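The structure appears right after this line, and notes come after that.
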Amino acid sequence: MLHSSPSADGRNLAFLTRDLSKVYGEGPAAVHALRGVDLEIPEGELVVLLGPSGSGKSTLLNILGGIDRATSGQAFFLKEELTAMNDRQLTAYRRRHVGFVFQFYNLMPSLTAHENVDLVAEIAPSPMDAIDALDMVGLKNRATHFPSELSGGEQQRVAIARAIAKNPTVLFCDEPTGALDSQTGVSVLKALQDVNTRLGTTTLIITHAAATAAMADRVIHFADGQIREVIVN
């Protein structure tokens, strides 16, 4: 069956898409965000999505993350067809399997780092201890600090800890270093790489920074809603 196909090297696929398309609007003003994307991502890989703004990277991430729907085509997560799920099923999928990290940290300013991470742990079926999650990103000693007392890089690492505290199967990161200087961005990417290595979480990172590609197992180049090139490191 389509969704149970292994990758070329025999590993199970975390994600598989076939002819995946997304169109926003109708008629002459319609925007074709994805144009027939075929993609295979094996379990446990760290994957970087590269491409200019408007190339379709975030649209793909949102569909695979269960927060947007494709116009046509199919997308599978393991043995489940995401494109056939209803709203309730997509909510359950996000809750059980998906962690999100965005460009802006979205931390609650009135809560400490520990409390921000604990918020997500409360709704997850099998959460990690909040302190353990902070320790994994090197912030155990900052657990009692509020966001205003943390640097931008530290706040983003708290956001990563919050995402991994739910023990996600997959981690989606949309421009996680976009609001940071290059040196701080490197420390955030290192934290994501450590999480991928230690937890085996399939990790997809959207970025404009081509230098990020060196840390990835797989680099996917997007342009005009299509995959132009896939490089396996």
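The values are calculated or read from the model by the stated rules, or taken from the named source; none is laboratory data. All of these numbers come straight from a predicted model, not from anything done at the bench. Neighbour counts are summed over all protein chains in view; Cβ atoms, including those assigned to glycine, are modelled from backbone coordinates with ideal geometry. What goes into the accessible areas is simple: the full protein's heavy atoms, side chains included, and nothing from ligands, DNA or RNA. Shrake-Rupley method; radii C 1.70, N 1.55, O 1.52, S 1.80 Å.
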Requested in this report: Would you mind checking the pairs LYS22/LYS190; LYS57/LYS79; LYS140/LYS190 and listing those with alpha carbons more than 28 angstrom apart?
Outcome: LYS22/LYS190
Query raised in the report: Roughly what would the spin-label model give for LEU78 and ARG18, points 7 Å off Cα along C-beta, in nm?
Result: 2.1
Requested in this report: Take the Cα of ARG94, step 7 Å along the line toward its Cβ, and report every residue of region 26-62 whose backbone nitrogen sits under 18 Å from that point.
Outcome: 58-62
Query raised in the report: Which log10 I(q)/I(0) values, to two decimals, does the chain give at q = 0.15, 0.17 Å⁻¹ under the Debye formula with one point per Cα?
Result: -1.01, -1.26
Query raised in the report: Of all trypsin sites (Lys or Arg not before Pro) in region 16-109, which ones are in loop regions per DSSP and have a Cβ with at most 14 other Cβ atoms within 10 Å?
Result: ARG69, LYS79
**Report entry** Mean Cα-pair separation over length for region 57-164, i.e. relative contact order, pairs under 8 Å, 6 or more apart, %
**Finding:** 25
Report task. Just name one of LEU171, GLN89, GLY138: the one whose Cα is farthest towards the positive end of the charge dipole of the chain (beta-carbon charges, Lys/Arg +1, Asp/Glu -1). Result -> GLN89
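When only C-alpha pairs under 8 Å and at least 6 residues apart count, what is the relative contact order of the chain, in percent?
Dividing the mean separation by the residue count of the chain yields 26 percent.
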Query - Whole-Å distance, taken between Cα centres, linking region 151-177 and region 27-68 - result: 20
Query raised in the report: How about region 43-144: which GluC sites (Glu not before Pro) there are in a DSSP loop, with at most 10 other Cβ atoms within 10 Å of their Cβ?
Result: GLU122
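Keeping all protein chains in place, calculate the accessible area per residue for the chain (probe 1.4 angstrom), answer in Å².
Ligands and nucleic acids excluded, the figure is 46 Å² per residue.
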Query raised in the report: Do you know the relative contact order of region 125-177, to the nearest whole percent, from alpha carbon pairs under 8 angstrom that are 6+ apart?
Result: 47
Report task. Classify region 118-189 as rounded, prolate or oblate from the Cα gyration tensor: take a ≥ b ≥ c as the square roots of its eigenvalues, call it rounded if a/c is under 1.5, otherwise prolate when a/b beats b/c and oblate if not. Result -> oblate
**Report entry** Cleavage-rule hits, chymotrypsin sites (Phe, Trp or Tyr not before Pro), region 84-140, DSSP coil, Cβ neighbours within 10 Å at most 15
**Finding:** PHE104
